[in-house]
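Heads up, the thing below is written out as structure tokens.
Since every read-out is calculated from the coordinates, none of them should be taken as a lab result. This one's a predicted model, so the numbers in the text were calculated from it and none came from an experiment.
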Amino acid sequence: MTFAFKDIKATPDESSGMMFSGYGAVFGNVDHCGDVILPGAFSDTIKQAKDSGHWPSLLIQHGMTVTMDLPGGIWHDMKEDPIGLYMEGELAKTELGKDVYTLMKMTPRPAINGLSIGYIPIEWTNRTKPDEPRRTLKKVNLMEVSLVTFPANEKARVTNIKSDITIRICEDALRDVGLSESEAKTVLSKGFKALPQRDADGNADELAESIKSLIRRNILTLKN
């Protein structure tokens with residue numbers, strides 16, 4: 001079963017990682033295999049994972065290719081809400097993780113934007129009428145949730161990509177208006193007033209406004 005991301009975001013601190021969030025499953029939605037999942041299906045998996053610390057894996061394409069057989073990262077949170085199975089994950093800073101994250105953030109459209117679950121069915125009912133789902137899943141043992149290229153649900157797509165400002169973007173903006181590398185780092189750590197007094201020709205207010213303008217420009221560039 002494959003469903004879309006709710007959100008993808010770069011965190012304000014570059015060291016925080018390549019984070020994203022979305023839905024591994026949507027309740028009441030019949031997938032291309034003819035299965036539908038009911039609320040509560042993941043409750044046991046969620047409780048066991050949070051109690052034991054042994055979580056479902058974060059894979060790429062279900063680990064079915066030679067270059068993607070290693071996990072892509074880890075899941076930080078998962079819960080059921082009225083929509084489905086909500087997941088928050090982080091891609092590893094490996095070449096694979098960086099490649100996948102780049103593909104997720106491409107414009108004018110993402111190159112990869114699906115989530116797909118791997119599970120063992122525990123409790124379900126089979127169809128009794130032609131217009132019913134093939135299976136109605138009531139309980140499953142969730143083994144992994146994968147990032148995938150081809151979602152089984154064609155409507156399961158990325159709905160929002162958000163990139164927040166990073167330390168590197170701020171530093172680049174400060175360098176663009178004439179500050180040295182050390183001055184840029186000083187401003188970011190201690191504030192603009194910590195800079196040594198500049199010569200009389202320098203206008204501090206104009207410089208500050210230039211910095212703000214460049215940072216706003218960079219933020220808009222990331223969001224578009």
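Beyond 20 Å in Cα-Cα separation lie the following of the pairs K50/K79; K47/K93; K98/K185: K47/K93; K98/K185.
With all pairs of different C-alpha atoms in the average, the Kirkwood value for the hydrodynamic radius of segment 19-79 is 13.5 Å. A full extension of the chain between M143 and S182 corresponds to an added length of 9.2 nm, given 0.36 nm per residue minus the alpha carbon distance. Across segment 19-36, coupling constants 3J(HN,Hα) worked out from phi with the 6.51/-1.76/1.60 Karplus curve, θ = phi - 60°, read 8, 7, 9, x, 10, x, 8, 10, 5, x, 9, 7, 8, 5, 8, x, 9, 9 Hz, and Gly and Pro carry x.
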